[in-house]
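Please read the structure below before turning to the comments.
The values are calculated or read from the model by the stated rules, or taken from the named source; none is laboratory data. Quantities reported herein were computed from a predicted structural model and do not represent experimental measurements. Backbone-built Cβ (ideal geometry, glycine too); neighbour counts: all protein chains shown. The accessibility values were calculated without ligands, DNA or RNA, using every heavy atom of the protein model including side chains. Shrake-Rupley method; radii C 1.70, N 1.55, O 1.52, S 1.80 Å.
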Amino acid sequence: MNVFRLAGDMTHLASVLVLLLKIHTIKSCAGVSLKTQELYTIVFVTRYLDLFTDFISLYNTLMKLIFLGSSFSIVWYIRHHKLVRRSYDKDQDTFRHYFLVLPCILLALLIHEKFTFKEVMWTFSIFLEAVAILPQLVLLQRTRNIDNLTGQYVFLLGAYRALYIFNWIYRYFTEPHYVHWITWISGLVQTLLYADFFYYYFESWKSNKKLQLPA
């Protein structure tokens, strides 16, 4: 654990809390992509297969349970909550997210550190997380007008991944033989996907205007 990883974890947690706050308090999921939330659920399920077999620390276990529980809760709210699901823009959230799953599975079968079920699933979750935000970014680009909480959610999600890059750099220089190309490349791809959003987010912040993405 180092300050960059802790900051990344807390930022990731904050992004989830912001989204839950919007859904639970305002009873709205306007601007939120169900497709992205379903992909994140798959990411956490396949990554945390070791939850009940390998104990690392209480902190590690709690974070896994929080991300699993929150992802299932968000999907349930959007799909089944009477008030929340009315605000879901199904006509705009049309990205065919299942097309992302198969390539990530095939890539994980070809590129992995150890050919075991848990290791391949873990690698698959890394690849899938790198592109899971795409349906959300496409939805924001289509709707253009983005409410404050949704904008904060996406910003915090991108910031978490950027902070993890600093974590990897720190570990590379402080831990002997620390090399993890699969995670590094996937994390870099994921961060680059946020570049356009970050630009318009900071522009709106500087001008004190509502966040809008170009069509």
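When residues of segment 49-64 are filtered for being open to solvent by less than 80 Å² (accessible area, probe 1.4 Å) and either in contact with a helix residue (DSSP H, G or I) (Cβ under 7 Å, 6 or more places away or on another chain) or not in a loop (DSSP other than H, G, I, E, B) (or both), how many remain? Summing the residues that are open to solvent by less than 80 Å² (accessible area, probe 1.4 Å) and either in contact with a helix residue (DSSP H, G or I) (Cβ under 7 Å, 6 or more places away or on another chain) or not in a loop (DSSP other than H, G, I, E, B) (or both) in segment 49-64 gives 8.
Look at Lys64 and say whether it is among the basic types (Lys, Arg) and touching a residue at least 60 places away in the same chain (Cβ under 8 Å). No, not satisfied.
For (1) at positive phi; (2) modelled with pLDDT under 90; (3) crowded, with 19+ Cβ neighbours inside 10 Å, each residue gets a yes or a no:
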site	(1), (2), (3)
Ile111	no, no, no
Thr116	no, no, no
Ser125	no, no, yes
His177	yes, yes, no
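Among the criteria (1) modelled with pLDDT under 90; (2) within 17 Å of the chain's Cα centre (by Cα), the one Lys82 does not fulfil is (2).
I'd like the full set of residues that are under 19 Å from the mean Cα position of the chain (by Cα) and assigned to a helix (DSSP H, G or I), limited to segment 85-123. Tyr98, Phe99, Leu100, Val101, Leu102, Pro103, Cys104, Ile105, Ala108, Met121, Trp122, Thr123, listed by residue number. The conditions of being among the small types (Gly, Ala, Ser) and under 28 Å from Trp181 (Cβ atoms) are met by Ser15.
Check segment 25-37 and report whether any residue there is among the basic types (Lys, Arg), open to solvent by 50 Å² or more (accessible area, probe 1.4 Å), in contact (Cβ under 8 Å) with a residue 24 or more places away in the chain and not in a helix (DSSP H, G or I). Give the steps one after another, and end with the answer.
Within segment 25-37, the subset among the basic types (Lys, Arg) is 27, 35.
Among the residues that remain, those that are also open to solvent by 50 Å² or more (accessible area, probe 1.4 Å) are: 27.
Next, from what is left, pick out any that are in contact (Cβ under 8 Å) with a residue 24 or more places away in the chain: 27.
Still in the list and also not in a helix (DSSP H, G or I): 27.
Yes; the residues of segment 25-37 include at least one that is among the basic types (Lys, Arg), open to solvent by 50 Å² or more (accessible area, probe 1.4 Å), in contact (Cβ under 8 Å) with a residue 24 or more places away in the chain and not in a helix (DSSP H, G or I).
For segment 4-24, the set of residues classified as open to solvent by 30 Å² or more (accessible area, probe 1.4 Å) and more than 19 Å from Gly158 (Cβ to Cβ) consists of His24 only. Considering segment 133-167, the residues that are farther than 24 Å from Ile42 by Cα and modelled with pLDDT of 90 or more include one that is least open to solvent (accessible area, probe 1.4 Å), namely Asn167.
The number of residues in segment 80-96 being in contact with a Leu (Cβ under 7 Å, 6 or more places away or on another chain) and open to solvent by 30 Å² or more (accessible area, probe 1.4 Å) comes to 3.
Residue count for segment 141-166 satisfying the condition of being under 17 Å from Thr191 (Cβ atoms) and under 17 Å from the mean Cα position of the chain (by Cα): 13.
Within segment 188-215, restricting attention to residues that are in contact (Cβ under 8 Å) with a residue 60 or more places away in the chain and surrounded by 14 or more Cβ atoms within 10 Å (Cβ to Cβ), which residue is nearest to the chain's Cα centre (by Cα)? Taking the candidates together, the pick is Gln190.
Which one of the conditions (1) assigned to a helix (DSSP H, G or I); (2) of a type in the set (A, V, I, L, M); (3) surrounded by fewer than 16 Cβ atoms within 10 Å (Cβ to Cβ) does Ile74 fail to meet, given that it meets all the rest? Single failed check for Ile74: (3).
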